[in-house]
Every structure is written in structure tokens, then in C-alpha cells.
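These notes concern the structure reproduced below.
The values are calculated or read from the model by the stated rules, or taken from the named source; none is laboratory data. What you see is a predicted model; the values in this text were computed from it and never measured. Cβ sites come from the backbone with ideal geometry, for glycine too, and all protein chains shown count toward neighbours.
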Amino acid sequence: MNKIINILKEEKSIPLDKFINIALYDRKFGYYMNSNPFGKQGDYITSPLVSDLFGEMIAIWCIAFWENLGKPKKFLLVELGPGDGSLCKVLLNVFKNFKEFYNCLEINLLEISDVLIKIQKKNIKNKKVKWIKKIDKIKFGPIMFLGNEFFDSLAIKQVFKKNNVFLEKYISLSKDRKKLEFLYKKADKDVIKKIIQLNINCKNSIIEYPNDAILYLNAVAKNIKKYGGGLLAFDYGYTKIKGGDTLQSIKKHKFVDVLSEPGKSDITSHINFDLFVKILKKNNLIAERIVTQNEFLQKLGIIERANILSKKNDL
Ligand SMILES: C[S@@+](CC[C@H](N)C(=O)[O-])C[C@H]1O[C@@H](n2cnc3c(N)ncnc32)[C@H](O)[C@@H]1O
């Protein structure tokens, strides 16, 4: 909190995306840079930590994807934001049973946090896996990008149109200089232009502009165009845009005020999947139908696999 208060004493106010980036990813102060937030002891649980079945289904999907590409001799899997490494660990366990695929495979883990890289390195001991901090470090393909709850952990801007003027959400200090509070200022011209271009303008409602997710999505698309491949992303989100504030903060499995404990709680927002499709199409990529995680896993046979495992356990 002190870091943000000091910044605000100097800068008076900062836009929401800058606030989120400091709260989550500041080198010293950021939430992800200092802690392991995952699991029952942590602040929240993600699908790879609920059950290995999630990773097993994705592993099968990856192998089918590689087969569809014509079984390329070199194939790169890039996991975006691997958390504690649980998903990659399960994937590798399954991949080892498919020798032809396994021999062609290399894995890059894109991770910003040194603390999490250390945890991932403890969980994953395999020479096929290399860590990268920047997406431009990718050197070959075809590539399959995989991200579970990666895009929804990236900073967003929030904009509101009042009396025909676009206003952007900022954070400033309260009068007693002890607390943080929101305020609205005239929005940046470039942001307004992008909101209009992307047609995400919502009347009488908050518009969320995921500037960082768009940067990553464009970088992913650039790599897919260069090397071939695809993206499989799981995130909380919606398709038909209604507008509204989806920003939320979680600590110890409970919602907390976004401004109450920056650096000590997670901050996320919901993904506008229609916007993602639009951006992929702008990059001349084919975006397949958006499905719920439930439908995706069921089509891959997660229920049958769970039944087999429960029968084995009964024996
Ligand atoms: C919400 S967690 C999801 C973790 C994991 N995928 C899971 O499902 O358990 C987001 C992950 O993305 C990483 N991350 C966020 N922004 C990043 C960035 N710009 N570059 C690389 N990693 C990033 C975080 O450090 C964290 O590992």
C-alpha cells in the first residue's frame, strides 16, 4: 500500500490499468511477485489444482491438435502464466505415454514472477521445459499457446460516457491521504478511438478496455501467423457485451474491496470473448466457436475418464 500512496503523493492520480499493474506485478510490491496465491492455504483455487483430470483432457487435446497439423517434427507448447506449474506437470505426465508426440515436443513457460518461477522449477523437472519472461523470446513453431486464467489477470482500463464525454477511471488519495479512492477524468484520446474502432461502446454503462490482454493477444496472433499453430484459453468471461464493472479482488477465498489491500489481494476482470474473436479475426486467424469449459471438457470425455478412475479406486 505504501508504494501506491507514495506514487499518488507525487502523481496525484493514476489510471486504473497502471494501478492494477503496480498492485499485481510491481517488482517489489506486486501480489504475484511476492507470494504463492494458489490453493486452499492461499487466496484462490484454479482448475489445474481442483483435479488432474483438467490437465489430462487438455493433454489429449494438444496431441490431437499436433496430429491435425500433420505431426510436425518440432512442436512448441507455450503456457501463458503457469501459476505453480501444476498444469504443466500433469501435461508432461500424459505426454510421456505418447512417445512420437513427446519426441517432437518442447515447452516454454511464460512467467513474469521470479517467486512463481522458483515454485514451477521445483514442480517441473524436465529438460524439455524452458522459462521465458517475454513473448518475443519465442524462436520456433508450430506453437500451441495455452493459458488458464492468464488473460483475466491482466490490467484493464474502465471508461464511462457521460453527457457525450468519455471519462476514464483513475485512482487517487482520499483527503486524509490514508485511503485510496476512485475518480473519473477525461479519457485519453487514443483509448476513446480504440473503443469506437472495436465497437465496445456501451450506453450508460462502464466500458472495459483490456489493453494488456489485447497486446498479448496480438503478440500470440503474430507468432501463430509466423509459425503456425493456435491458442487455447480458459477464462471467466462473457460473449454478448452488456457493459458494467467486472473488476474484482479476492483474498483468502473471499471478495474484498479492490482498493483496500493492493499488493495483498488478487485482482481480476471478466473477458469479453467476442472482443477476443474480433482481434483474432483482425489478425486473419480463424476463431472457433466459443464454448464453456464444461462443454469443452465433457466433449473430450472427462466424465467417462472420471468414471474409470472411480471404478479403479473401488477395487
Ligand atoms: C491467475 S494466475 C493463473 C495461474 C495458472 N495458469 C493456473 O491456472 O493456476 C496468472 C498467472 O499469469 C502470470 N502472469 C501474469 N501476467 C503475466 C505476464 N505479463 N507475463 C507472464 N506471466 C504473467 C502470473 O504470474 C500467474 O502465474
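Some observations on this one:
- Filtering PRO15, PRO48 for residues that are of a type outside the set (Asp, Glu) and within 12 Å of the ligand (Cβ to nearest atom) leaves a single hit, PRO48.
- Some residue of the range 187-206 being touching a strand residue (DSSP E or B) at 6+ places or on another chain (Cβ under 8 Å) and assigned to a strand (DSSP E or B): no
- Top-ranked residue in the range 123-163 [being modelled with pLDDT under 95 and within 15 Å of the ligand (Cβ to nearest atom); ranked as surrounded by the fewest Cβ atoms within 10 Å (Cβ to Cβ)]: ASP136
- Residue in the range 246-258 that is modelled with pLDDT under 95, of a type outside the set (A, V, I, L, M) and surrounded by 12 or more Cβ atoms within 10 Å (Cβ to Cβ) present: no
- Checking GLU208 against (1) surrounded by 15 or more Cβ atoms within 10 Å (Cβ to Cβ); (2) free of Cβ contacts under 8 Å to residues at least 24 places away in the same chain, the condition it does not meet: (2)
- Looking only at residues of the range 14-32 that are in a helix (DSSP H, G or I) and touching a Lys or Arg at 6+ places or on another chain (Cβ under 6 Å), we find that the one that is nearest to ASP212 (Cα to Cα) is ASP17.
- Per-region count, the range 140-178, residues part of a strand (DSSP E or B) and free of Cβ contacts under 8 Å to residues at least 40 places away in the same chain: 4
- Inter-residue pairs, beta-carbon under 8 Å, first in contact (Cβ under 8 Å) with a residue 40 or more places away in the chain and in the range 21-34, second acidic (Asp, Glu), 6+ apart: ASN21/ASP212; LEU24/ASP266; TYR31/ASP266; MET33/ASP26; MET33/ASP114
- Flag if PHE101 is surrounded by 15 or more Cβ atoms within 10 Å (Cβ to Cβ), among the aromatic types (Phe, Trp, Tyr), more than 14 Å from the ligand (Cβ to nearest atom) and closer than 25 Å to ALA219 by Cβ: no
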